[in-house]
Amino acid sequence: MPKAEQDAYDRRPLHERIAADLRDEIMSGDLQPGTSLPSTQKLKERFDASNATVQKALQVLKDERLVIGRAGASVTVREHRQETIRPADTGQPAPPGEQYSWLTVANRRGKRGSIELLEVAEVRPPADVAAAFGLGEGGTAVMRSQVLSYDDMPVELVKSYYPVELAQGTAMTEKRKIRGGTPALLAEMGYLPRHTVDRVSARVPTQEQFEALQLPSDLPVLRTFRVVYSDGERPIEATVMVKAGHLYELQYEFV
């Protein structure tokens, strides 16, 4: 390893290295839910670390809700670890009169889904949204920001944007929930989703994301940028969805 890379590696605190290795084993399934982590003595020997450093690493994993343990007892992997989310499950509008499909999926998973609507406003959107909508300088879009939760724990911070000409005069501009969600409303208006493009990246959370998702540290978040197109490849919705990368993964399927 080149000296510069080795120096950078050495600057990473040892407790973070220990937590990272154990986190990877938990998330990959090598350490299954309900099983005990190696003893403190074994971790000290494995990582050539002090007792205090090992305990600091374990506290990081406890704060991330990956393990559970108390003084005098072994530390075990929590039953709730990285959960798989299938974007295809919520890719189509909910049938008329039914609730937003994300809530239906939550119920199917045995969880209580909830949605907190944070803000509705006409804004100058981020550059990627503006590009998707073909907006010129100073162009605006209608934004709806919300937090989606499972059993009162935040899962995802969602900011959805809509062309002003589509949203004006509809419930999309009002700060209230829409039965079936905005995809159902767009479908009722004749704008059915015909084509969807997702771009997924891992990023350090912004302060807004850090607070909204109640993150324990600066662990990367998964950011999905989705553009939904209707007939004639007309963009009808652009959404930025952010979730904790250590708790959730995305599953895409291709035929």
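For this structure, a couple of remarks:
- Using 0.36 nm per residue and subtracting the Cα-Cα separation, the extra length available between E45 and L14 on full extension is 9.8 nm.
- E119/D198 FRET efficiency (R0 22 Å; Cβ-Cβ; nearest 0.05): 0.40
- The Kirkwood radius of the chain, taken over pairs of alpha-carbon atoms, gives through the Stokes-Einstein law at 4 °C and 1.567 mPa s a diffusion coefficient of 63 µm² s⁻¹.
- Maximal additional length on extending the Q207-V105 stretch stands at 33.9 nm, based on 0.36 nm per residue less the C-alpha distance.
- Net length available on complete extension from E83 to Q214 is 45.5 nm, with 0.36 nm assigned per residue and the Cα-Cα distance removed.
- Which of H15, H246, H195 is most accessible, then next, and so on - probe 1.4 Å: H195, H15, H246
- Accessible area (Å², per residue) of the chain, counting only protein heavy atoms and a probe of 1.4 Å: 54
- Backbone HN-Hα couplings from phi across segment 154-170 [Karplus 6.51/-1.76/1.60, Hz, Gly and Pro as x]: x, 9, 8, 9, 10, 10, 10, 10, 9, x, 4, 5, 7, 7, 4, x, 10
- With the biggest extent put first, the Cα atoms of segment 140-203 measure 33, 27, 23 Å across the principal axes.
- About its Cα centre, the chain has a charge dipole of approximately 560 debye under the convention of +1 per Lys or Arg Cβ and -1 per Asp or Glu Cβ, with nothing else charged.
- Residue-wise HN-Hα coupling along segment 247-252, computed from phi with Karplus coefficients 6.51, -1.76, 1.60 (Hz; x: Gly, Pro): 10, 9, 10, 9, 10, 10
- Environment charge at V147 (Cβ cut-off 9 Å; Lys +1, Arg +1, Asp -1, Glu -1): -2
- Loop-located GluC sites (Glu not before Pro) in segment 102-150, at most 10 other Cβ atoms within 10 Å (DSSP): E137
- Spatially proximal lysines relative to K159 (Cα-Cα < 29 Å; intrachain offsets below 8 disregarded): K111, K175, K177, K243
- Whole-angstrom gap from segment 171-242 to segment 102-167, using each part's C-alpha centre: 5
- Label-reachable residues, segment 119-155, where backbone N falls under 20 Å from a point 7 Å from K175's Cα toward its Cβ: 119-125, 141-149
- Top positive-direction residue, dipole computed over segment 100-255 with Cβ charges, set L118, A106, A132: A106
- Solvent-accessible area, 1.4 Å probe, carbon plus sulfur percent, for segment 107-255: 49
- Burial order of peptide ranges 142-150, 182-190 (average beta-carbon count within 10 Å, highest first): 142-150, 182-190
- Stokes-Einstein D (µm²/s) once Rh is taken as the Kirkwood radius of segment 33-106 over alpha-carbon pairs, at 25 °C in 0.890 mPa s: 161
- Positive-end ranking of V158, L14, L43 along the dipole of the chain, with charges on Cβ about the Cα centre, is headed by L43.
The values are calculated or read from the model by the stated rules, or taken from the named source; none is laboratory data. Quantities reported herein were computed from a predicted structural model and do not represent experimental measurements. Positions of Cβ are generated from backbone atoms using ideal geometry, with glycine treated the same way; all protein chains shown enter the neighbour counts. Heads up: the accessible areas ignore ligands, DNA and RNA and are worked out on the full protein's heavy atoms, side chains in. Shrake-Rupley method; radii C 1.70, N 1.55, O 1.52, S 1.80 Å.
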